[in-house]
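Everything below concerns the one structure shown next.
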Amino acid sequence: MPNPEKIAKVKELSERFRRAKGAVFAEYRGLTVKDALALRRALAEADGSFIVVKNTLTKLAVRDAGLDEATVDLFEGPMAVAFLQGDAVTGAKALLDLTRRFPALVVRGALVDGRLLDEADARSLATIEVKEVSLAKVAGLLQAPLSRIAYLLRAPLSRIAFAMAERGRQGGAAEATTETTAEAPGNGTDETQPVEEAVPSQSDGTDDPPDQA
């Protein structure tokens, strides 16, 4: 008869996999208890959690959660899982940065947006820029027509829409400034009415976009 405690543990792990935005699988051979505690605290700042798992139970949880069957093959030797509750790439980058501080932690693979990454691909996440940096670069690219075309051919639609919205808000503010300098209707003389009289001051409802968090 199955052990109720083990059944509960499999269910808990399965739920963690379902709720998480991603996960990183790592071998922790040689990692001290002190290092593990420090790693947990550091990863928590990136909205992640780090737990040591039993391979047999974790394999059952992987199957129960409907994850890629190849994930099961990663669980050989002393393994731990970092569950990423926030942005998966940001969390994975945080863990990969921690492997420099804790060399006993060796990344074996990762799950990002439901896709299983092998060891090499998981490690390559360290070179990916965070979303805020990428969006800032996109906004700059859209200022140049040729760069805009090149970007549209390969960028995800959501990032394009965001960047264009940012440019639109900035453009709206620039247009409002231009309108206030327009000439008043001619009155048969060479004199031009002051701007304050020609165009009544009024708010156009457009504010500069707040700084991104």
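Nothing in this text is a laboratory measurement; each read-out follows from the coordinates by a stated rule. Please read these numbers as outputs of a predicted model, since none were measured by experiment.
Brief remarks follow.
- Screening Ala8, Ala80, Ala42 for residues that are among the hydrophobic types (A, V, I, L, M, F, W, C) and not in a helix (DSSP H, G or I) leaves exactly one candidate, Ala80.
- Counting only residues that are closer than 19 Å to Leu116 by Cα and outside any helix (DSSP H, G or I), region 11-39 holds 8 of them.
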